[in-house]
Structure formats: C-alpha cells, structure tokens
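Have a look at the structure below before the remarks.
The values are calculated or read from the model by the stated rules, or taken from the named source; none is laboratory data. In this text, all values refer to a predicted model and were calculated from it rather than measured experimentally. So basically every Cβ, Gly included, is an ideal-geometry build from the backbone, and we count neighbours across all protein chains shown. Ligands, DNA and RNA are stripped out before the accessible areas are found, and what is left, the full protein with its side chains, is counted by its heavy atoms. Shrake-Rupley method; radii C 1.70, N 1.55, O 1.52, S 1.80 Å.
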Amino acid sequence: MSTAIKPEYQKELFGQPIGLYILFLTEMWERFSYYGMRALLVLYMTTATIGDDRGAGLGWTSKEALALYGWYTMLVYVMSIPGGMIADKLIGQKKAVLVGAIILCLGHGVLVLTDIWAFYTGLGLVILGVGLLKPNISTMVGGLYKDGDIRRDKGFSIFYIGINLGSLLATMVVGLVVAEWGWHAGFGLAGIVMVLGLINYIYGQKYLTHVGNLVEAKDDPNEISYGKLYSKLFSSPTQLTFTVILALLSGIGWYYLDWGYGLLFLFLTAIAALLMMIYKELDSQAYKDRFLVLLLSFIMVIIFWGAFEQAGGLMNLYTETNTDRVLFGWEIPTVMFQSLNAGFIILFATAVAGYWASRKLKGKEASSLFKMALGIIIMGFGFLFMVFAAMEFEKSGTSSMIWLVLAYLFHTIGELCISPVALSFITKLAPVKYASLMMGVYFAATGLGNKVAGIVGESATDYGEKTIFTGIVIFTVIIGGLFIAILKPLKRLTHGVEDQERDLKHEEAEGFELADD
Ligand code: GLN
C-alpha cells in the first residue's frame, strides 16, 4: 500500500470517494428548491385571485394549471439535452453545474415577486438552470468511478438519497412556511437553499478536480462536432428519410395540436437525427448495440414517469380535494403528502440496493433492464390503491389517506428499481464522449414522461379519476411484462457490461477522468 499523501480528490468517506458527498449535498439543495417550488405550483395556480390565508393565487382552473405544470416539468428535463451538449462540447460538466446553480438562484429569487411576468421569468430561469445542472451533476457521479467498479451502483443509490433528502425537507418545510407566510415566502425559501447548494459546490471543488472537466482536444479527430454529424445526414439516405418523416409528423402536430407541440416534435426530430448519426459513427458493433439498448430502455423511462408523475399533479389535487387529511385532530397540509415518496426512498434505498446486490452475488437475475421493468410493474400496482381510494370516495364522499400512503410506498419501491439504476446504467453504457448528451436524453425521456403525466392527469376531468387510475395499472403491468419477456435479447445487446463488475476499490486508488484524455 502506498504511503504517499493522497490528493484531496482521492480521499474516501464510508468507502466512497469524497467528491460523491459534495455532489450529494449540491444536488440535495438543488432538489430542495426544485421540489419545494414544484409542490406549490399547481396549488398556487389554482388558488383564487382573491386568495386564502396563503395569499392570492392565479385563479386558474385545474385543467389550465395541470397543462402548464405538464409543460413546465417536461421542459425542465428536456433542457437537459442542450445542457448535456453544452457540457460535452463547450465547458465541461463541472462548469455547467456551476452556471446552472447560479441561474437557479436567480430563477427562484425572481419567483418571490408577485407579478405575473416574474412568475413566467422565474419558471423560465429554473428550466434553464435545471437543464444545465441536473444531467451534468449525475454524469459527474459516474465519473468518480472506474469502469467495472462495483461501488458505482451504490454510489448512485447514495446520491439518490441526497436527491430525496432535499425533496423530503422541502415538502415538509415549504408546506409549513406557505401556511404561515404565504406562497411567495415558500418560493423565496427555495431560492435561499439554492444559494446554500451553490456555496457547497464552490467549496467542494478541491474534491472534484478530476471529474467533469472539458476534454480539450482541438486537433483531435475524435472531437465532437454536432455540425459535422448533421451535415453527414444528407449523405445517409435511411437516416435522412426517417428524419424527413419525423419532421412531416411534427408539422402535422403543429397544425392539428398547437405550436407548442409542433416545436417540441421538431426539437425531438433534430435530436433523433443526431442520435441516428452518432449510432452510425460509433466504431464497434458492441458500442452500437449498447447505444441502442440504452435508447430502448428510455421507453421504459417515459412510461414509468408518465404514471409516477401524477404525484405532483393529479394525485396532489386528489389529496387536496378528495382525501380526509385529518390526523389526531390536525389537518395535514396537502403539500406534506409529497414527502411520503422522499421519506420512503430514504428508508428503503439501501435495502432495495442491497437486495439486488445479494441477488447478483447469488447469480440470480439482477440486470438493470430487469430491475427497470419490474420497477414499472411495482409502481403500477401502487395505482391499485388509488383505484380503491376513488371507489371509497364514490361511496362516501371522502377517502382515507391510507390509500395514498400505500400508493406512494409502491411508487417508491418501483422508483428505486428504475431511477438510480438507470442513472448508473447510462454511465456504464454511453460512449464516453457523449456521456453528458446521453444523460441529457435520459432526463428528456423523464421529461416527456412528465408531459404524458400531465396529459393523463388533465383527462381525469373528462373520464374521472377511477378510470385513469385503473388504466394506469393495466398499462404499466402490460409494458413491464413485455420488457421482461424480451429481456434475454435485450441483455445480449449490452455485451456483458454488467457481468464484469468487481471490487476495484483496493486494486487501484488512482483518480481518473470519466472522459479519457
Ligand atoms: N426524483 C428524481 C430526481 O429528482 C427523478 C427525476 C427524474 O428523473 N425525472 O432526480
């Protein structure tokens, strides 16, 4: 064993690189601000302009509020694609996180103001800030570990606890602050904690010297050139035809739906074209297959979040209007129910990760793809409890909060099987130079899931909650089952990337870059 003094970034705490805890805390405060604000959003928009004791709201209908909520929560994550590209190509992940954090402080700060322009500007800044911060901080976590280091999955589970600690604190505290001092105090609190996140990140730079740096390779033939990739599209007939078809469909969407959808579809067309060209450029079949299986797994991601994200929208409204929230004579604020998910994550994250690790050691099925498919099914079952809640409401005009607790419990176990697993999976499978872009595409998939959730939630006005909840149970179980049915061929496409994981911690204690330089 070497007796040389280790540089700061090689130091460890509880067997994990110390940089993990810096990223953990930064993300914890960022998620506090995000979820604190998100928990208020629909409720603030639907509160009447004459207000209640929380102050004036925007007086929107629940349909209008859920529509904006859907666009907002989608854009927050879709912006991860440009966020990832900026990091890969221009400033590296570490600086992108810094800039994102600063923009987030500004965005939450603006939301303190009561004017409607401030509302839209604040949301816009939060969208940009999260887009820069979220994918890149996640890629940096992956960068702390070497290929095949068995600690990586665990590292992501720890990071995920940080995310949910932020969310838990936010939904507990913000609800109380709003009840006492009104909406804008709640928004302000989100801003203050984001400043804490920024300070923590700046302070922790010495632990992160080896991750998230831009690979400066001006003369390198491997340097990323999105322009070049797009120009090659015109000499690639199959990819070009596919792109044109998608662009035409976007035009139809623009015409029949509205310009928002049209723009979204065009943006996705441009991304699809880029992904096809990257696929074509990859220089080995193994890389190509891994890239493909990653994209296929994103279908599960969209479906999962499309159902799961009813939490902040439809289930939030359901909690507010249809649920008996009185416990020992105290009416629990609606916002606090959002804490259940985060609380359960913190309680069960290590148990779920441990369960999968022990299955892996016993040689049983524990691939990321399997976990993800099972996650969808478990989460889907959670909605069965919401069906029971809706049935009780139909009968008695109110429903017990136990249904919500059980639903969130199942949602959480499902989430633990898919979300930290997917983050880690991406850092294993994505081609190194496109790591941030692929993380961005992943978050965009979760963002599309958020949009789907909004659309599904809105349709409850027409079809009723019970029908929506029942539909979600059936659909998710079928999709999860389908992916399990095709698990074998899918796993073959990973070329055993998860079979080679071992304990590297004691083999070598060198720092390294995610991107090789
Ligand atoms: N709850 C997780 C987070 O905030 C997942 C979000 C997502 O992937 N859309 O990080």
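Laid out as a table, the results:
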quantity	calculated
Tally of residues being within 16 Å of the ligand (Cβ to nearest atom), over 20 Å from Gly471 (Cα atoms) and open to solvent by 40 Å² or more (accessible area, probe 1.4 Å) across segment 368-412	0
Enumeration of residues in segment 308-331 that are in contact with a Phe, Trp or Tyr (Cβ under 7 Å, 6 or more places away or on another chain), assigned to a helix (DSSP H, G or I) and surrounded by 22 or more Cβ atoms within 10 Å (Cβ to Cβ)	Thr319
Residue within segment 152-169 that is open to solvent by less than 20 Å² (accessible area, probe 1.4 Å), of a type in the set (Asp, Glu) and more than 21 Å from Gly84 (Cβ to Cβ) present	no
Selection status of Leu111, in contact with a His (Cβ under 9 Å, 6 or more places away or on another chain) and either open to solvent by 30 Å² or more (accessible area, probe 1.4 Å) or over 22 Å from Ser419 (Cβ atoms) (or both)	yes
Set Leu66, Leu125: member being closer than 30 Å to Met315 by Cβ and surrounded by fewer than 22 Cβ atoms within 10 Å (Cβ to Cβ)	Leu125
Conditions (1) open to solvent by 10 Å² or more (accessible area, probe 1.4 Å); (2) more than 16 Å from the ligand (Cβ to nearest atom); number of the one not met by Val421	(2)
Glu365 being in a helix (DSSP H, G or I) and open to solvent by 10 Å² or more (accessible area, probe 1.4 Å)	no
One residue from Gly471, Gly454 being within 16 Å of the ligand (Cβ to nearest atom), open to solvent by less than 60 Å² (accessible area, probe 1.4 Å) and of a type in the set (Gly, Ala, Ser)	Gly454
Scope segment 467-481; condition without any contact (Cβ under 8 Å) to a residue 24 or more places away in the chain and within 22 Å of Leu294 (Cα to Cα); matching residues	Ile478
Test: residue in segment 46-53 that is open to solvent by 10 Å² or more (accessible area, probe 1.4 Å), at pLDDT below 90 and in a strand (DSSP E or B)	yes
